[in-house]
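Accompanying notes for the structure given below.
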Amino acid sequence: MIHKFDTLFSFLSGVVNPLCLCSSIPFLLELFGETWGMMDNGNDQDIDVGSVAEAVSADLSFGVPLYVVESMCMNCNENGTTRFLLTLIPHFRKVLISAFECPHCGERNNEVQFAGEIQPRGCSYHLEVLAGDVKIFDRQVVKSESATIKIPELEFEIPPEAQRGSLSTVEGILARAADGLSALQEERKKVDPKTAEAIDQFLSKLRACAKAETPFTFILDDPAGNSFIENPHAPSPDPSLTIKFYERTPEQQATLGYTADPSRAGQPEGSLGAPSAATKHIPHGTIGATAGHRAIAQSNSTDISDNLFRYSAPEEVMVFPSTCGACTKQCETRMFVTKIPYFQEVIVMASTCDDCGFRNSELKPGGAIPVKGKKITLSVKNIADLSRDVIKSDTAGVMIPELDLELAGGTLGGMVTTVEGLVTQIRESLARVHGFTLGDSLSEDKKNKWREFGARLTKLLSLEQPWTLILDDELANSFISPVTDDMKDDHQLKHEEYERSWEQNEELGLNDMDTSSADAAYDSTETTKLS
């Protein structure tokens, strides 16, 4: 029995540190029980890679087999074996663990990859590490295979190909980088002493950062949106951690495997085509705001259109050809415009691909970009309040003061739901993102804190006491429906407009927006009509 556990941990070595996966080890041990029993009987399952890909989209259960594929060794060019295991880290995501071993030269390679979907937007985590703050190095870090790690103070960058997907800590990431740089130092000192000396000086700075002797910034940037840095203060905001979500560039889309037109690389989203060779500058007046291209909400189902049909059935549904975002085949997109009372005009678009079955629905704002941001405050007191319609835009933050809960803008993405549905989404999202840290290594105090917070969040839906829901949207694209015919008569619902800061306008691209060309064209048209 001992050799089974030795084999298990050797399989995981190099992929994850077992101490960092305390919460997942019982799950993995139980999952590996049937698999390793099958291997002991000499019944390894030789299956092609296509079967592994099919298993990725299937529902996981404890009967998932271990796939064994024959593959070539990159060291000796002989044939070795690669084992694939599709598993689910509790409360996180599906991962595909692979381990290669060559019996001829002893070469071994282990890797973990995300088998689930790519997130709608990329994410960037900025962790400020102060001098003397040793506890911050114990934070768990989920680094996907597409993530980049940077330390600006050292001008140091770990590209995606340098460290593959891993589950570790901040200390483990830095230690792994230092070990990689110092691996060939003895040989390097004989061949290139100057380079070896420069690397030694850099390693001393890196190790000083790893011991919290000097302050630095730890940046984790992932275009796929599948990386994560633990927030020990969750669900409260972390003063040391800043999270930003962003739209992927065409280059990042191509890197992740999406079909991209190389002629449009480097152009902002929404541009019509590649500039000609004679055009070396951006014409005056063509710079627009990124906020104008953002959707209020996106989904891979028809929930958005179904939820909006209650306001008004569209008189005319326009159908036009488009391209499927999954398989790039031709498909049809249906679009209609509706006016939501007390809100604004919105454009609903939905597309379905007959070839691959991919669905996509999107809600876009109509009209101009609002001049001011808006904060909506709802006092939830009865069952009817839980059924109020809610449109939470992609830029809106959510706050519940009674729980000291604050979610930054873009955390849950855009959605069309109800008050009850929004609270349910918050609960499921917190369990998925932070729940996997509730393992054996977590102290009992923190476990009790999470259990208590989960119970308080559930009590919101039972309405044991009144509570407050706040949507803070810098683009004013969020909405909570009133329960009265006149908005002014709904005393539980309050709207407050505010001026956006320069930083908010900069992030939305509004500071660079130039409409002089459009204004000049409009003025010339008016002058022609008058003459």
> Quick one: would you say Gly357 is open to solvent by 70 Å² or more (accessible area, probe 1.4 Å) and either modelled with pLDDT under 85 or outside the structural domain of Asp490 (by the TED database) (or both)?
Replying inline: no
>> If I filter segment 470-506 down to residues being among the hydroxyl-bearing types (Ser, Thr, Tyr) and touching a residue at least 24 places away in the same chain (Cβ under 8 Å), which single residue comes out as farthest from Glu420 (Cα to Cα)?
In response: Tyr498
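I need the full set of residues from segment 401-423 which are over 18 Å from Ser481 (Cα atoms) and either in contact with a strand residue (DSSP E or B) (Cβ under 6 Å, 6 or more places away or on another chain) or without any contact (Cβ under 8 Å) to a residue 60 or more places away in the chain (or both), in order please. Lay out the reasoning, then the answer.
We begin by selecting, within segment 401-423, every residue over 18 Å from Ser481 (Cα atoms); these are 401-413.
Residues satisfying the conditions are Pro401, Glu402, Glu406, Leu407, Ala408, Gly409, Gly410, Leu412.
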> Which one is most open to solvent (accessible area, probe 1.4 Å) among residues in segment 61-93 that are modelled with pLDDT under 70 and under 22 Å from the mean Cα position of the chain (by Cα)?
Replying inline: His91
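Matching residues to (1) at pLDDT 85 or above; (2) under 19 Å from the mean Cα position of the chain (by Cα); (3) exposed (fewer than 14 other Cβ atoms within 10 Å of the Cβ):
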{"residue": "Lys194", "(1), (2), (3)": "yes, no, yes"}
{"residue": "Ala224", "(1), (2), (3)": "yes, yes, no"}
{"residue": "Asp238", "(1), (2), (3)": "no, yes, no"}
{"residue": "Leu241", "(1), (2), (3)": "yes, yes, no"}
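Looking at segment 164-182, is at least one residue of a type in the set (Lys, Arg), under 29 Å from Ser98 (Cα atoms) and assigned to a loop (DSSP other than H, G, I, E, B)?
yes
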> Looking at Arg164, Arg207, which is the one that is at negative phi, open to solvent by 60 Å² or more (accessible area, probe 1.4 Å), modelled with pLDDT under 85 and charged (D, E, K, R)?
Replying inline: Arg164
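The values are calculated or read from the model by the stated rules, or taken from the named source; none is laboratory data. On a predicted model such as this, the values are computed, not experimentally measured, just so you know. As a convention, Cβ positions derive from the backbone with ideal geometry for all residues, glycine included, and neighbour counts pool all protein chains shown. Accessible surface is based on the protein model in full, side chains and every heavy atom, while ligands, DNA and RNA are left aside. Shrake-Rupley method; radii C 1.70, N 1.55, O 1.52, S 1.80 Å.
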